[in-house]
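*Asks:* This is the structure I have questions about; it appears just below.
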Amino acid sequence: MIRIKYVLLLIVLMQSTVKSQTVFQNYIDGQLYFKIKSEVAFNFDKTSSNLDINSSLPFVISVFEKYDVIKVESSFYFASSEDLQRTFRVYFAKKNLVADFIAELERVAQVEYAEKVPLHQTTYSPNDIGANTTAGQYGLYNIRAHEAWDLIRNNNSVNIAIVDVAIETGHSDLSGVLLSSRDVANQDNDANPPGNYGGWDHGTHCAGIACAQTNNTNGIASIAYGSRLIAVKATPDSCVARQLIYFGYEGITWAAANGANIISCSFGSKNSYSVTAQNVINAAYNQNVVIVASAGNNNDDTMSYPAAYNNVLCVANTDIDDEKSFSSSFGNWVDVSAPGTTIRSCLLGNTYGPKTGTSMAAPLVAGLCALIKSINPAYTNTQIVNCVKNNTQNIDALNPGFAGLLGTGRIDAFRSVKCALTCIGSTNYGTASMGVAKPVSSGTITSANNIINGGDVTFDAAVEIILQPNFIANNGCIFNARIDGCSNPARLMGSTNFNVSEMGIDGNSILLFPNPASDFITIRINNENSKTILKIYNSTMQLIKIVKIENGIEHTISTSDLISGIYFMEAQTDEQSYRAKFVVSR
């Protein structure tokens, strides 16, 4: 029988570990994860991390005795994933023999793998830049939060988990939105720091960026505008180096199991890939959770984890001018960028102040994901992430040397929310009412019935309009079909009674694609022999461009000189005039 004889040693080991790593910089000294195979019988206890290895794991006792194992935990006991429930955390004294310990464990027939436990650091950079021109909230202006709030404000139905060193849950800008808290490092329900002193304020700052109470005449606003906070502390009270995250993956798992829709992780380290950590991410993602993580502050393209794991939305840091922060990591593994330089948010002691880092950029993206989720709780994490990634502002021109290395661009809340409002979901159209009807709007519209006499119907779709076989717009009806696009090619599917050449789009024979456009747009006009004059108007109907075309059905013109926004194109031929709407998106 193995006896845990090293209680005092455990305390000393924990205290020395939090000060510095002596074996591997990015891994915790004297700790391992190992997983038993799926066919091995095991009695799961979902109420506690305590484990009697003599009865539960007898096949590893001889190896454990050799390396002076101090403690074994079922640290993912609250997980819904059986893979994680079969993963254990081991504390051992002979930390310099970690490679030998792993090798011997993996030779045990019942063990699937063993690996070191990653050690992550919070990812903000100390700065002395001072206040900015918008009193610490320029990030919300840059991402067009105000315009997004005109379209939707969160209805308190979305939960954001901040997994960090600690969070001051009594802060006046956080207490009103607090849903729950948990300390996964010390196994209690208090996520507050053990003291009001430097280093413990990182998580409080991140929580304020993501979901500070908004429109309360106090402190700061947050893009999430009403999301609820799940505060998860992942650093032991005894930790001296307070920027270190010891139980980040347990924190992610607990948050996913306790109602989090979005999880924000402002921590990471380079070259610290872990099978267990990827399993944690996958399990949370399979629960329809969006996981957002900071890319790191290394000013290089080396992958940092958890940001570089699959199923994580990875965020780089930009400044007030949309330029890459001097410290931000970059690379083709980055998904998006967001303001993270000199960001004003909550600090300990119910105060406020600025910080800089990808740590600040990640919770801003997490808050945007929550705002999108509030539009419709049924949205999947993939749909939310796509609306964020596919609707950014391209900042490559402002960052020479980093083209394609800052993700798809700097996030744009207004465009992302518009995507969610118009480009997700579908509508099954019923019989039109008499007189003027409100447009039927959705991503995809399928007609279920014909249009009755006197009906006035507009299908305003983002991606696709499907007209059922034998669809008929009866005499006396007004029928229009618009397709605006949403990072997908537009399609109009006709029937025996309706086709593009007869009625066309917007009631005429003109089709624009891709829509939204970036640097060019193609116009297809059912008028092969006539000269055509194309006039482009902005959203206030000011004429801004004229293009003359001699003949032909399909033409491609440049839109690289147009700023992002909504435009109208009028095509004038010898016989008639057509008009259609398009969007320029960069």
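Coordinate-derived values only; no laboratory data. Every value quoted in this text rests on a predicted model; they were computed, and no experiment measured them. Every residue, glycine among them, receives a Cβ derived from its backbone with ideal geometry; neighbour counts consider all protein chains shown.
*Asks:* Would you be so kind as to identify which of 243, 181, 200 lies farthest towards the positive end of the dipole of the stretch 180-328, taking Lys and Arg as +1 and Asp and Glu as -1 on Cβ and the Cα centre as origin?
*Replies:* Farthest towards the positive pole: 181.
*Asks:* Next question, about the same structure. If we count other beta carbons within 10 Å of each Cβ, what is the order of 242, 228, fewest first?
*Replies:* So the residues, fewest neighbours to most, are 242, 228.
*Asks:* Report Rg (one decimal) and Dmax (nearest whole number) for the stretch 304-423, counting Cα atoms only, units Å.
*Replies:* 14.3, 43
*Asks:* Note the full-extension length gain between residue 190 and residue 62 as 0.36 nm times their separation in residues minus their Cα-Cα distance, in nm to one decimal.
*Replies:* That pair, residue 190 and residue 62, stretches by 42.3 nm at full extension.
*Asks:* A further question follows. Rounded, prolate or oblate: pick one for the stretch 217-327, where a ≥ b ≥ c are the square roots of the eigenvalues of its C-alpha gyration tensor, a/c under 1.5 means rounded, and failing that, prolate if a/b is larger than b/c, else oblate.
*Replies:* rounded
*Asks:* Farthest toward the dipole's positive end in the stretch 136-421, which of 421, 163, 326, given Cβ charges of +1 (Lys, Arg) and -1 (Asp, Glu) about the Cα centre?
*Replies:* Comparing the listed Cα positions along the dipole, 421 ranks first.
*Asks:* I want to check the label-to-label distance for residue 321 and residue 572. Put each point 7 Å from Cα in the C-beta direction and report it in nm to one decimal.
*Replies:* Modelled inter-label distance: 4.3 nm.
*Asks:* Let me ask something additional. Neighbour counts of other C-beta atoms within 10 Å: give me 151, 119 arranged from fewest to most.
*Replies:* Result, fewest neighbours first: 151, 119.
*Asks:* Further question on the same structure: Please work out whether the stretch 136-421 counts as rounded, prolate or oblate from its C-alpha gyration tensor, where a ≥ b ≥ c are the square roots of the eigenvalues and a/c under 1.5 means rounded, while otherwise a/b larger than b/c means prolate and anything else oblate?
*Replies:* rounded
*Asks:* Under the 0.36 nm per residue contour assumption, what length would be gained going from the current alpha-carbon distance of residue 97 and residue 80 to full extension?
*Replies:* 2.8 nm
*Asks:* Additional query: Lysine pairs, Cα distance under 23 Å, 8 or more residues apart or cross-chain: how many in the stretch 136-421?
*Replies:* 9
*Asks:* Also: Want the number for residue 302 to residue 287: 0.36 nm per residue separation, take away the alpha-carbon distance, what's left?
*Replies:* Extra length from residue 302 to residue 287 when fully extended: 2.5 nm.
*Asks:* Provide the net charge surrounding residue 311, with neighbours chosen by a C-beta distance below 15 Å and charges set as Lys +1, Arg +1, Asp -1, Glu -1.
*Replies:* In short, -1.
*Asks:* Let me ask something additional. Give me the net charge for the shell around residue 214: Cβ to Cβ below 13 angstrom, other residues only, Lys and Arg +1, Asp and Glu -1.
*Replies:* Neighbour charge sum, excluding residue 214 itself: +1.
*Asks:* Suppose each label sits 7 Å from its Cα in the direction of the beta carbon; what would the residue 24-residue 398 distance come out to in nanometres?
*Replies:* Taking the simple label geometry, residue 24 and residue 398 are separated by 3.9 nm.
*Asks:* Give me the net charge of residue 323's neighbourhood, meaning all other residues with Cβ under 13 Å from the Cβ of residue 323; Lys, Arg count +1, Asp, Glu -1.
*Replies:* -2
*Asks:* When a/c reaches 1.5 or more, the comparison of a/b and b/c decides; with that in mind, is the stretch 232-290 rounded, prolate or oblate per its Cα gyration tensor?
*Replies:* oblate
*Asks:* Using Cβ contacts closer than 10 Å as the measure, can you line up 532, 253 from fewest to most?
*Replies:* 532, 253
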